[in-house]
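Structure first, then comments.
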Amino acid sequence: MRMTITNRMMIGASLLMMTFYFAMNANAQTCAKVPTCEELGYTKTSCPNGNALKCPFDQTKLFCGGECQAGDIYYSDNTCSSTYSSNKTVVGVVAGEGVIVHMAQTSEDMTWNQAVVACKSVTIGGKTAHLPTLDEGWVIMNNSGAINSGLSKIPGATKLTNSWHWSSTVDETFTFQVWLFSPTAGGTASFDKTNNYFVRCVFNY
(Lines give C-alpha, C1' and ligand atoms only; values in the text may rest on other atoms or scores of the structure.)
Protein backbone atom coordinates (compact mmCIF):
# COMPACT_ATOMS: atom_id res chain seq x y z
CA MET A 1 0.00 0.00 0.00
CA ARG A 2 1.32 3.42 -0.98
CA MET A 3 2.19 5.62 1.99
CA THR A 4 0.63 9.07 1.61
CA ILE A 5 1.99 12.35 2.95
CA THR A 6 -0.75 12.33 5.53
CA ASN A 7 0.34 8.90 6.72
CA ARG A 8 3.95 10.03 6.89
CA MET A 9 2.95 13.12 8.86
CA MET A 10 0.90 11.02 11.27
CA ILE A 11 3.79 8.62 11.75
CA GLY A 12 6.20 11.50 12.23
CA ALA A 13 3.92 13.16 14.75
CA SER A 14 3.58 9.88 16.63
CA LEU A 15 7.36 9.42 16.75
CA LEU A 16 7.79 13.00 17.92
CA MET A 17 5.22 12.49 20.68
CA MET A 18 6.95 9.28 21.74
CA THR A 19 10.28 11.14 21.83
CA PHE A 20 8.79 13.86 24.04
CA TYR A 21 7.17 11.17 26.24
CA PHE A 22 10.43 9.33 26.85
CA ALA A 23 12.31 12.59 27.30
CA MET A 24 9.83 13.78 29.89
CA ASN A 25 9.97 10.44 31.70
CA ALA A 26 13.76 10.52 31.68
CA ASN A 27 13.74 14.03 33.11
CA ALA A 28 11.18 13.01 35.72
CA GLN A 29 13.31 10.07 36.78
CA THR A 30 16.41 12.26 36.91
CA CYS A 31 14.68 14.90 39.05
CA ALA A 32 12.86 12.52 41.40
CA LYS A 33 13.85 12.76 45.09
CA VAL A 34 15.70 9.69 46.30
CA PRO A 35 13.89 8.24 49.35
CA THR A 36 15.77 8.08 52.64
CA CYS A 37 16.57 4.82 54.39
CA GLU A 38 14.05 5.71 57.08
CA GLU A 39 11.31 6.26 54.49
CA LEU A 40 12.06 2.82 53.07
CA GLY A 41 11.72 1.21 56.52
CA TYR A 42 15.40 0.84 57.39
CA THR A 43 15.11 2.40 60.84
CA LYS A 44 17.22 0.11 63.06
CA THR A 45 20.93 0.12 63.88
CA SER A 46 20.94 -3.43 65.25
CA CYS A 47 18.68 -6.47 65.10
CA PRO A 48 18.82 -8.65 68.24
CA ASN A 49 16.96 -11.44 66.45
CA GLY A 50 19.16 -11.48 63.35
CA ASN A 51 17.56 -11.43 59.89
CA ALA A 52 18.83 -7.92 59.21
CA LEU A 53 18.51 -6.29 55.79
CA LYS A 54 20.86 -3.37 55.06
CA CYS A 55 19.72 -0.17 53.40
CA PRO A 56 21.25 0.09 49.89
CA PHE A 57 22.13 3.76 50.48
CA ASP A 58 23.51 3.44 54.02
CA GLN A 59 24.74 0.06 55.25
CA THR A 60 24.43 1.16 58.89
CA LYS A 61 20.64 1.42 58.63
CA LEU A 62 18.85 -1.90 59.01
CA PHE A 63 15.43 -3.47 58.60
CA CYS A 64 14.88 -6.25 61.14
CA GLY A 65 13.01 -9.23 59.80
CA GLY A 66 11.25 -11.66 62.07
CA GLU A 67 10.49 -9.23 64.90
CA CYS A 68 9.38 -10.93 68.12
CA GLN A 69 5.67 -10.99 68.82
CA ALA A 70 3.93 -11.22 72.19
CA GLY A 71 3.67 -14.91 73.06
CA ASP A 72 6.79 -15.96 71.12
CA ILE A 73 9.34 -18.10 72.94
CA TYR A 74 12.64 -16.26 73.37
CA TYR A 75 15.89 -18.26 73.27
CA SER A 76 19.39 -17.61 74.61
CA ASP A 77 20.76 -17.19 71.06
CA ASN A 78 18.59 -14.05 70.79
CA THR A 79 16.06 -15.64 68.45
CA CYS A 80 12.35 -16.01 69.01
CA SER A 81 9.76 -18.38 67.63
CA SER A 82 6.11 -19.25 68.02
CA THR A 83 7.13 -22.89 68.42
CA TYR A 84 9.10 -24.62 71.18
CA SER A 85 12.51 -26.17 70.45
CA SER A 86 14.10 -28.58 72.90
CA ASN A 87 17.47 -28.00 71.19
CA LYS A 88 17.73 -24.41 72.46
CA THR A 89 17.89 -22.76 75.88
CA VAL A 90 14.65 -20.95 76.65
CA VAL A 91 14.91 -17.57 78.36
CA GLY A 92 11.17 -16.96 78.59
CA VAL A 93 8.18 -15.70 76.64
CA VAL A 94 8.00 -12.35 74.89
CA ALA A 95 5.55 -9.95 76.53
CA GLY A 96 6.16 -7.15 74.02
CA GLU A 97 8.17 -3.90 73.85
CA GLY A 98 11.47 -5.63 74.66
CA VAL A 99 10.16 -7.48 77.71
CA ILE A 100 10.62 -11.23 78.28
CA VAL A 101 8.60 -12.97 81.00
CA HIS A 102 10.48 -15.59 83.00
CA MET A 103 9.06 -19.13 82.83
CA ALA A 104 8.81 -19.63 86.58
CA GLN A 105 6.79 -17.92 89.29
CA THR A 106 7.69 -18.08 92.97
CA SER A 107 5.91 -20.92 94.75
CA GLU A 108 5.65 -18.83 97.93
CA ASP A 109 5.04 -15.14 98.56
CA MET A 110 7.91 -12.71 99.14
CA THR A 111 8.39 -9.27 100.62
CA TRP A 112 9.44 -6.56 98.18
CA ASN A 113 13.09 -6.62 99.24
CA GLN A 114 13.17 -10.41 98.87
CA ALA A 115 11.59 -10.12 95.43
CA VAL A 116 14.22 -7.65 94.22
CA VAL A 117 17.05 -9.93 95.35
CA ALA A 118 15.38 -13.05 93.98
CA CYS A 119 15.05 -11.62 90.46
CA LYS A 120 18.62 -10.34 90.39
CA SER A 121 19.81 -13.89 91.08
CA VAL A 122 18.11 -15.27 87.96
CA THR A 123 20.47 -15.51 84.98
CA ILE A 124 19.76 -17.36 81.72
CA GLY A 125 21.76 -17.25 78.51
CA GLY A 126 23.84 -14.31 79.70
CA LYS A 127 20.76 -12.24 80.61
CA THR A 128 20.09 -11.19 84.21
CA ALA A 129 16.48 -10.79 85.28
CA HIS A 130 14.93 -7.96 87.27
CA LEU A 131 11.69 -7.19 89.00
CA PRO A 132 9.41 -5.60 86.39
CA THR A 133 8.64 -1.91 86.53
CA LEU A 134 4.98 -0.93 86.65
CA ASP A 135 5.20 0.01 82.96
CA GLU A 136 6.52 -3.47 82.19
CA GLY A 137 3.70 -4.83 84.35
CA TRP A 138 1.24 -3.07 82.05
CA VAL A 139 2.88 -4.69 79.01
CA ILE A 140 2.41 -8.08 80.70
CA MET A 141 -1.22 -7.35 81.63
CA ASN A 142 -2.07 -6.13 78.12
CA ASN A 143 -0.68 -9.31 76.55
CA SER A 144 -1.36 -11.89 79.27
CA GLY A 145 -3.38 -14.14 76.96
CA ALA A 146 -0.60 -14.39 74.37
CA ILE A 147 2.01 -14.85 77.10
CA ASN A 148 0.11 -17.72 78.70
CA SER A 149 -0.30 -19.31 75.28
CA GLY A 150 3.48 -19.20 74.86
CA LEU A 151 4.14 -20.47 78.39
CA SER A 152 1.82 -23.43 77.78
CA LYS A 153 4.20 -24.66 75.04
CA ILE A 154 7.21 -24.82 77.38
CA PRO A 155 7.51 -27.97 79.52
CA GLY A 156 7.42 -27.07 83.20
CA ALA A 157 6.60 -23.39 82.72
CA THR A 158 4.09 -21.70 85.03
CA LYS A 159 1.28 -19.59 83.56
CA LEU A 160 0.42 -16.09 84.72
CA THR A 161 -2.30 -15.76 87.35
CA ASN A 162 -4.54 -13.00 88.69
CA SER A 163 -2.64 -12.83 92.01
CA TRP A 164 -0.94 -9.61 93.09
CA HIS A 165 2.65 -9.37 91.83
CA TRP A 166 5.38 -6.99 92.91
CA SER A 167 6.74 -4.32 90.58
CA SER A 168 9.93 -2.34 91.18
CA THR A 169 8.09 1.00 91.06
CA VAL A 170 7.88 2.75 94.41
CA ASP A 171 4.78 4.85 95.17
CA GLU A 172 5.82 8.52 94.88
CA THR A 173 3.28 9.63 97.48
CA PHE A 174 3.88 6.89 100.04
CA THR A 175 7.50 5.79 99.62
CA PHE A 176 7.07 2.90 102.03
CA GLN A 177 4.66 1.39 99.50
CA VAL A 178 5.25 -0.18 96.09
CA TRP A 179 2.97 -0.67 93.09
CA LEU A 180 1.68 -4.15 92.37
CA PHE A 181 -0.14 -5.53 89.35
CA SER A 182 -2.38 -8.49 88.61
CA PRO A 183 -1.15 -10.13 85.35
CA THR A 184 -4.43 -11.61 84.15
CA ALA A 185 -7.00 -9.47 86.01
CA GLY A 186 -5.40 -6.22 84.89
CA GLY A 187 -5.50 -4.30 88.15
CA THR A 188 -2.89 -2.22 89.99
CA ALA A 189 -2.57 -1.22 93.64
CA SER A 190 -0.02 0.18 96.08
CA PHE A 191 0.88 -1.78 99.22
CA ASP A 192 3.48 -1.83 102.00
CA LYS A 193 6.90 -3.25 101.07
CA THR A 194 6.79 -5.65 104.02
CA ASN A 195 3.69 -7.44 102.73
CA ASN A 196 4.01 -10.77 100.92
CA TYR A 197 3.09 -11.12 97.24
CA PHE A 198 4.00 -13.13 94.17
CA VAL A 199 6.95 -12.49 91.88
CA ARG A 200 7.37 -12.85 88.12
CA CYS A 201 10.83 -11.78 87.01
CA VAL A 202 11.48 -10.34 83.54
CA PHE A 203 14.37 -9.85 81.15
CA ASN A 204 14.98 -7.23 78.48
CA TYR A 205 16.05 -7.80 74.87
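Checked against the criteria, SER168 counts as part of a strand (DSSP E or B) and modelled with pLDDT of 95 or more.
Residues of the range 183-196 that are at negative phi and surrounded by fewer than 20 Cβ atoms within 10 Å (Cβ to Cβ): THR184, ALA185, GLY187, THR188, ALA189, SER190, PHE191, ASP192, LYS193, THR194, ASN195, ASN196. Considering the range 44-60, the residues that are surrounded by 14 or more Cβ atoms within 10 Å (Cβ to Cβ) and in a loop (DSSP other than H, G, I, E, B) include one that is modelled with the lowest pLDDT, namely ASN49. Of the residues ALA104, ALA157, ALA129, only one is modelled with pLDDT under 95, of a type in the set (A, V, I, L, M, F, W, C) and within 12 Å of ARG200 (Cβ to Cβ); which? When all the criteria are applied, what remains is ALA104. Filtered by the rule that a residue be open to solvent by less than 40 Å² (accessible area, probe 1.4 Å), out of contact with any His (no Cβ under 9 Å at 6 or more places or on another chain) and touching a residue at least 24 places away in the same chain (Cβ under 8 Å), the range 84-102 gives VAL90, VAL94, ALA95, GLY96, GLY98, VAL99, ILE100, VAL101, HIS102. Sort out which residues of the range 128-144 are surrounded by fewer than 17 Cβ atoms within 10 Å (Cβ to Cβ) and more than 21 Å from ALA189 (Cα to Cα), and write them in order of number. THR128 - this is the single residue of the range 128-144 that is surrounded by fewer than 17 Cβ atoms within 10 Å (Cβ to Cβ) and more than 21 Å from ALA189 (Cα to Cα).
A quick yes/no check of all residues on (1) under 13 Å from ASP109 (Cα atoms); (2) polar (S, T, N, Q):
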site	(1), (2)
HIS165	yes, no
THR173	no, yes
TRP179	no, no
SER182	no, yes
LYS193	yes, no
ARG200	yes, no
ASN204	no, yes
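Screening ALA157, ALA118 for residues that are in a loop (DSSP other than H, G, I, E, B) and surrounded by 15 or more Cβ atoms within 10 Å (Cβ to Cβ) leaves exactly one candidate, ALA157. On inspection, SER149 fails the criterion of being under 26 Å from CYS68 (Cα atoms) and in a strand (DSSP E or B).
The values are calculated or read from the model by the stated rules, or taken from the named source; none is laboratory data. Not measured: the values here are computed from a predicted model. As a convention, Cβ positions derive from the backbone with ideal geometry for all residues, glycine included, and neighbour counts pool all protein chains shown. Calculation scope for accessible area: heavy atoms of the full protein, side chains included, ligands and nucleic acids excluded. Shrake-Rupley method; radii C 1.70, N 1.55, O 1.52, S 1.80 Å.
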